[in-house]
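There's a structure below that I have some questions on.
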Amino acid sequence: FVNAGWPGAVGVVSGMSAKGFAVVLNAVGGGSDKLGYPVLLHLRRVLEDAESFDAAVDWLASERLMAGALFTVVGTENSQRVVVERKPSAFVLRRPVGDEPLVTTNDYRLLNASEHGSIEMLLQTSCSRFDALSQLFTKHRDADEVGDSELLYALTDARVRQTITAQHMIFRPREMLSRLF
């Protein structure tokens, strides 16, 4: 697998498996569970050991975690796109309608967060960032492949980018391509 993260990190923040899927992590509230599995280590385990897109989604949804997380999982086909919205012991799968773009920011869209914790800033700006990304890709469908430059343009848009943004990643599991900016 490939890992987009930081030198010295034991876990994985985002990555792509040679088994035909990629996973991107977004921070979110949702409480904590000291007995749960560490999120970054679980993501590494999924990228190392899950045999398929479906297995990755199952693993990301079912493991008891230490903290809430949003996992965007994409496979080699357009139908293989889902956000796994997680609290330590609860989950919901959010899929796009048909060929609509799948957008993830740092907020639950279906799984209501009851605790905001230390990421209050992320939550305060998430809805407007979600709306901006949705607007930027409103005309795209499966037949309209979005190029890397258009993706980067959207991610660096003033309405989307956060002051804490350190890097941008593009994963294309169908082509087994990964790029880090």
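So which residues in region 5-24 are at negative phi and surrounded by fewer than 22 Cβ atoms within 10 Å (Cβ to Cβ)?
Residues satisfying the conditions are 5, 6, 7, 9, 10, 11, 13, 18, 19, 24.
I'm trying to understand the selection: among the residues of region 25-48, which are surrounded by 18 or more Cβ atoms within 10 Å (Cβ to Cβ), farther than 13 Å from residue 63 by Cβ and in contact with an Asp or Glu (Cβ under 8 Å, 6 or more places away or on another chain)?
Hits for region 25-48 are 28, 29, 30.
Could you please find all residues in region 1-29 being touching a Phe, Trp or Tyr at 6+ places or on another chain (Cβ under 7 Å) and among the small types (Gly, Ala, Ser)?
15, 17, 18, 20, 22, listed by residue number.
Only one of (1) in contact with a Pro (Cβ under 6 Å, 6 or more places away or on another chain); (2) under 20 Å from residue 5 (Cα atoms) fails for residue 102. Which number is that?
Checking residue 102 against (1) in contact with a Pro (Cβ under 6 Å, 6 or more places away or on another chain); (2) under 20 Å from residue 5 (Cα atoms), the one that fails is (2).
Can you tell me which residue is modelled with the lowest pLDDT among those in region 24-56 that are of a type in the set (Val, Ile, Thr) and within 18 Å of residue 88 (Cβ to Cβ)?
Taking region 24-56 and keeping what is of a type in the set (Val, Ile, Thr), we get 24, 28, 39, 46.
Restricting the remaining residues to those that are within 18 Å of residue 88 (Cβ to Cβ) gives 28, 39, 46.
On the way: 28: 88, 39: 95, 46: 98.
Among residues in region 24-56 that are of a type in the set (Val, Ile, Thr) and within 18 Å of residue 88 (Cβ to Cβ), the one modelled with the lowest pLDDT is 28.
Can you pull out the residues in region 51-60 that are surrounded by fewer than 22 Cβ atoms within 10 Å (Cβ to Cβ) and closer than 17 Å to residue 38 by Cβ?
59, the sole residue that qualifies.
The values are calculated or read from the model by the stated rules, or taken from the named source; none is laboratory data. Since this is a predicted model, take the numbers as computed values, not measurements. Please note: Cβ atoms are built from the backbone with ideal geometry, for glycine as well, and neighbour counts cover all protein chains shown.
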